[in-house]
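Beneath this line is the structure, given in structure tokens, with notes to follow.
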């Protein structure tokens, strides 16, 4: 057993911390968020140079052969720095999916492009009426003459504004909500019949809704066997959730640090407000939540690469549910303890709070994942 | 980062499990499985079995006759112990007094007392709290006045767990009232057979005699029973409390209770269906299980960081104590709620082995049911003893957060 990052991982962590303090302070972030792109293209180039964009890919595809714990480390820093770049979607969710499930020619073509910072991807798997259900796919895929024709809508595609390609789930057979019959396609942004409606998110990044109207792609755009893509998508979303857990832990620690500093410096009634027991105990609760959340993020990371789908899904749902709840406690408490300063745009605290809140609501909220985890308890209970 | 046990640790687990299978007396195991009372004799018998195996003290270094196990091995042992329904060992001697004696005691004390603890020959209890000194422990007033080769001890200790069985008690006593309260405390070992000691039972809310008041009326204690230096007892007391709290995560016991809860929820029915099929109840189990998953890793992280730094346990154990005590309480509460109406009967005879039962009641009242509500009531103590949750939060805010 080992509960710490390796020397090599700590070196990478330090590099990222230096990058954030030098090139990505709160004022710079504000500018990146307000730009038309919604993030920093320069930062993306630096991630490529640092090897972050090739981190989880095998060496034969130009990657560094990293694992989910490496991703945990990176995502924790994404949280600390509130970084806006589409790393989760491109490298973790979609790049990871391609690594695991795409045909070799697609891997050979796309993974090096991702690594070089030349290609950004986004997963288009959710639809309006389906909430967090990945099997709720009304978008259709019809095969004819060696091509596939996709029609339907996809909602709130994370990092969807800047993506060069989308991974789109569509139904090639069965009815909405069936686990079977879902296929997955690589769709270029400039495909005929594809409309992309981009908009900002609550935390200042960009997402998009997609409308597909008889979008035609070749057979080589198919990832996985026709009608059998759901487990592939679930695996990618599990991995993305593990990464979100790590990002949330980064934010939780940052919020705790900011709140602790505030308690020590803000004076009322002639003393630092951190001398009041009501606030001390709340701060202690936040520290406990942070430690427990870190443990859960570790559990999620070490299961993220697991081949055992049931065990992986169970562990990651537990972690995402737990961290969703813990994040709510820490986020709300941090704002409360900052008083008026907690509800203004000027301080980074409210920005951490917004991102942390939206992490909970992304890819399944705490209630959704609690139900997932809870359902696993019905099995394998022996008699008394 | 890696949460897997290595092959050696897996082998160790197999060895521990095989030992429990072979050596744990069936009558003791059955009592624990059904939540029945266990006696001092049961615990001493088990301690002697462990001692013969060389496993009398899993947390002691080898030079004092302990196993010298690392924290992962200790964790595995505790998990298997709870899962096998083996009794806990006396924590007061093995986990609280012993580390103090090994660190601050003199050679004569170590040579006399430690082997007797290991072999189960001496039963120890703890004399910390007093009627006027609970959370504010340093205000304690039980006095020890030096007279030649002896201290004369007068006062009252309370909440002495299993003090009715004890051969010895380790006490915090006041040897000076001149400086700050913390600076006048000494750590004294007292023979319970000394003239002037009276033990009075305190009956807890579950009807059980688990704790006592202990009165000291001019009790003579030889000066060689002083640990370390006079008036330095507060340092030793805090050291002890940190060790006490580190055991309070109680991961093994929580895992066992969770398993039991799931079994009960599968067996009890609601509207003809297993209770665990009711998502409202099941989600409450899931909620506690998540907390326990996290605490297991947090516990190992804290202990391994301490072992790696070869340091002593610090205020981080307060995190473990708070969470562990909350989880065991929640599990006890859910087990009780799983029983529904069957949580209501209080049949004292049913708490002993071999209760024949009341035919009508027995038709639905399962063998595991009798102790469960009492356990819920009893477990309220866990967020109060060893420093209440509120005291732990004070420690976290002062020692970790610097508030």
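Here are the numbers for the structure shown:
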quantity	calculated
Criterion (in contact with a strand residue (DSSP E or B) (Cβ under 9 Å, 6 or more places away or on another chain) and more than 30 Å from residue A:178 (Cα to Cα)) met by exactly one of A:135, A:40, A:89, A:33	A:33
Residue among B:348, B:366 that alone is surrounded by fewer than 14 Cβ atoms within 10 Å (Cβ to Cβ), assigned by TED's automatic domain parsing to the domain that holds residue B:317 and more than 30 Å from residue A:288 (Cα to Cα)	B:348
Scope the stretch A:133-160; condition crowded, with 17+ Cβ neighbours inside 10 Å and closer than 20 Å to residue A:371 by Cα; matching residues	A:134, A:135, A:136
Total residues in the stretch B:54-101, condition part of a loop (DSSP other than H, G, I, E, B) and out of contact with any strand residue (DSSP E or B) (no Cβ under 9 Å at 6 or more places or on another chain)	19
Residue in the stretch A:11-31 that is buried (at least 21 other Cβ atoms within 10 Å of the Cβ) and without any contact (Cβ under 8 Å) to a residue 40 or more places away in the chain present	no
Some residue of the stretch B:348-362 being within 14 Å of chain A (Cβ to nearest Cβ), touching a helix residue (DSSP H, G or I) at 6+ places or on another chain (Cβ under 6 Å) and within 27 Å of residue B:268 (Cβ to Cβ)	no
Residue A:109 out of contact with any helix residue (DSSP H, G or I) (no Cβ under 6 Å at 6 or more places or on another chain) and surrounded by fewer than 19 Cβ atoms within 10 Å (Cβ to Cβ)	yes
Single match in A:368, A:352 (criterion: assigned to a helix (DSSP H, G or I) and within 14 Å of another protein chain (Cβ to nearest Cβ))	A:368
The one condition in (1) loosely packed, with under 13 Cβ neighbours inside 10 Å; (2) more than 18 Å from residue B:37 (Cβ to Cβ); (3) in contact with a helix residue (DSSP H, G or I) (Cβ under 8 Å, 6 or more places away or on another chain) that residue B:339 fails to fulfil	(1)
Search result, residues across the stretch A:176-195 that are farther than 14 Å from residue A:152 by Cβ and at pLDDT 95 or above	A:178, A:179, A:180, A:186, A:188, A:189, A:190, A:192
Selected residue (only one of B:17, B:45 is closer than 26 Å to residue B:375 by Cα, in contact with a helix residue (DSSP H, G or I) (Cβ under 9 Å, 6 or more places away or on another chain) and either modelled with pLDDT under 95 or surrounded by 15 or more Cβ atoms within 10 Å (Cβ to Cβ) (or both))	B:45
Criterion violated by residue A:102 - all others in (1) free of Cβ contacts under 8 Å to residues at least 60 places away in the same chain; (2) touching a strand residue (DSSP E or B) at 6+ places or on another chain (Cβ under 9 Å) satisfied	(1)
Residues satisfying the stated conditions in the stretch B:260-300, i.e. assigned to a helix (DSSP H, G or I), more than 9 Å from chain A (Cβ to nearest Cβ) and out of contact with any helix residue (DSSP H, G or I) (no Cβ under 7 Å at 6 or more places or on another chain)	B:280
Odd one out for residue B:372 among (1) without any contact (Cβ under 8 Å) to a residue 40 or more places away in the chain; (2) surrounded by 20 or more Cβ atoms within 10 Å (Cβ to Cβ)	(1)
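The values are calculated or read from the model by the stated rules, or taken from the named source; none is laboratory data. What you see is a predicted model, and the numbers here were worked out from it, not measured in a lab. A quick note on method: Cβ atoms are made from the backbone with ideal geometry, for glycine too, and the neighbour counts reach across all protein chains shown.
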